[in-house]
Amino acid sequence: MSVARPHLLMCPPDRYGIEYEINPWMSTERQADHALAGQQWRSLRQHLVDSGARISEVSPVDGLPDLVFTANAALIYRQQAVLARFKHEQRQGEEPYFERWLTAHGWEVLPSPRELSFEGAGDALFCGDTLFAGYRMRSDASGLQQIGELLGVRVLPLELVDPYYYHIDTCFCPLAPGHAIYFPGAFDEYGQKVLQEHVDKLIDVAEDEARSFACNAVVVGTTVVTNTGCPQLHDQLRDAGYQPIETPLSEFVKAGGSAKCLTLRLDGEEAAGWKS
Ligand code: ARG
């Protein structure tokens with residue numbers, strides 16, 4: 001067992017705002033409250049530190065308001081990072097900043113497959129030895145298979161069918177190998193079956209809680225941090241031996257993001273089979 005502390009990458013929301021609309025949550029007419037966003041971000045960070053995590057930060061950049069959503073930077077696999085290639089040009093400017101940070105901190109950065117979009121850990125999460133990956137909205141299915149070949153891991157591509165759940169981390173959250181949270185309505189029937197067949201214990205999230213980003217949870221040890229508004233999930237998590245924590249993230253929901261999107265796990269998610 002490794003004694004290293006869980007390590008997360010975050011980006012302070014100094015330059016955060018709703019400057020464009022690339023998912024159904026975003027409206028430039030519904031701005032984020034800057035001061036409140038700062039407060040909410042710092043509380044999330046504090047909860048993660050209190051849960052035992054170490055936080056590294058990438059500096060905010062003017063004109064890149066979504067850089068706060070570090071989950072999308074890359075897919076981390078040991079000391080390799082498959083860099084995101086963002087679908088929307090509004091976010092493509094983030095790529096060199098994430099690349100620079102990862103390279104400077106010792107990761108071997110692998111470009112994602114040419115001509116195909118891929119949005120990092122937002123769309124690809126390990127549960128055990130398998131990479132569960134979301135496609136259609138932001139990442140391309142064939143690119144996901146190529147990434148699996150590149151890293152030598154099995155990929156199960158899952159089609160995302162509801163535009164409100166445009167990244168897989170908005171509707172699926174691995175807790176431990178063989179154990180995950182999911183919102184069935186974000187997947188087609190085939191995807192639901194694949195998840196049921198490949199994850200032993202699945203916790204179903206109700207639609208109203210999924211809308212509160214219940215599945216967009218950060219798992220640090222046995223602590224699970226989510227947005228507010230997910231009481232049923234929290235009960236289920238407690239029953240399963242976890243310590244859920246809620247923290248308000250309303251200002252980030254306005255951009256279509258929540259707890260998990262604001263972090264990138266650098267040392268391997270708790271559920272990743274390859275984690276030492
Ligand atoms: N506004 C951002 C976008 O649409 C939010 C990203 C949320 N990130 C995530 N991993 N789900 O790309």
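Kindly check whether there is at least one residue in the range 234-241 that is within 16 Å of the ligand (Cβ to nearest atom), basic (Lys, Arg) and on the phi < 0 side of the Ramachandran plot. For the range 234-241, residues within 16 Å of the ligand (Cβ to nearest atom), basic (Lys, Arg) and on the phi < 0 side of the Ramachandran plot: absent. Within the range 223-231, not a single residue is within 16 Å of the ligand (Cβ to nearest atom), closer than 26 Å to Asn23 by Cα, out of contact with any Pro (no Cβ under 9 Å at 6 or more places or on another chain) and not hydroxyl-bearing (Ser, Thr, Tyr).
In the set Phe213, Phe187, only one residue is under 19 Å from Met10 (Cβ atoms) and of a type in the set (Phe, Trp, Tyr); that residue is Phe213. When Gly106, Gly134 are checked against the criterion of being of a type in the set (Gly, Ala, Ser) and not in a strand (DSSP E or B), a single residue qualifies: Gly106. Scan the range 3-25 for residues that are outside any loop (DSSP other than H, G, I, E, B), crowded, with 21+ Cβ neighbours inside 10 Å and out of contact with any strand residue (DSSP E or B) (no Cβ under 8 Å at 6 or more places or on another chain) and the total you get is 1.
Screening Cys171, Cys215 for residues that are touching a Phe, Trp or Tyr at 6+ places or on another chain (Cβ under 9 Å) and over 17 Å from Gln243 (Cα atoms) leaves exactly one candidate, Cys171. When Asp169 is tested against (1) under 18 Å from Ala84 (Cα atoms); (2) more than 14 Å from the chain's Cα centre (by Cα), only condition (2) is not met. Taking each residue of the range 72-95 that is at pLDDT 95 or above and looking for partners that are in a strand (DSSP E or B) and within 11 Å of the ligand (Cβ to nearest atom) with beta-carbon atoms closer than 6 Å, six or more apart or interchain, yields Ala73/Leu264; Leu75/Ala124. Restricted to the range 31-55, and to residues that are assigned to a loop (DSSP other than H, G, I, E, B) and of a type in the set (S, T, N, Q), which residue is nearest to the ligand (Cβ to nearest atom)? So, considering only residues that are assigned to a loop (DSSP other than H, G, I, E, B) and of a type in the set (S, T, N, Q), the one nearest to the ligand (Cβ to nearest atom) is Gln31. When the range 246-267 is filtered for residues that are assigned to a loop (DSSP other than H, G, I, E, B) and either within 16 Å of the ligand (Cβ to nearest atom) or within 30 Å of Pro24 (Cα to Cα) (or both), the ones remaining, listed by number, are Thr247, Pro248, Leu249, Lys254, Ala255, Gly256, Gly257, Ser258, Ala259, Thr263, Leu266.
Being within 16 Å of the chain's Cα centre (by Cα) and acidic (Asp, Glu) holds for only one residue in Asp200, Asp204, Asp123, Asp208, and it is Asp123.
Scan the range 56-79 for residues that are among the hydrophobic types (A, V, I, L, M, F, W, C) and in a strand (DSSP E or B) and jot them down.
Matches in the range 56-79: Ala74, Leu75, Ile76.
The values are calculated or read from the model by the stated rules, or taken from the named source; none is laboratory data. Computed from a predicted structure; not experimentally measured. Every residue, glycine among them, receives a Cβ derived from its backbone with ideal geometry; neighbour counts consider all protein chains shown.
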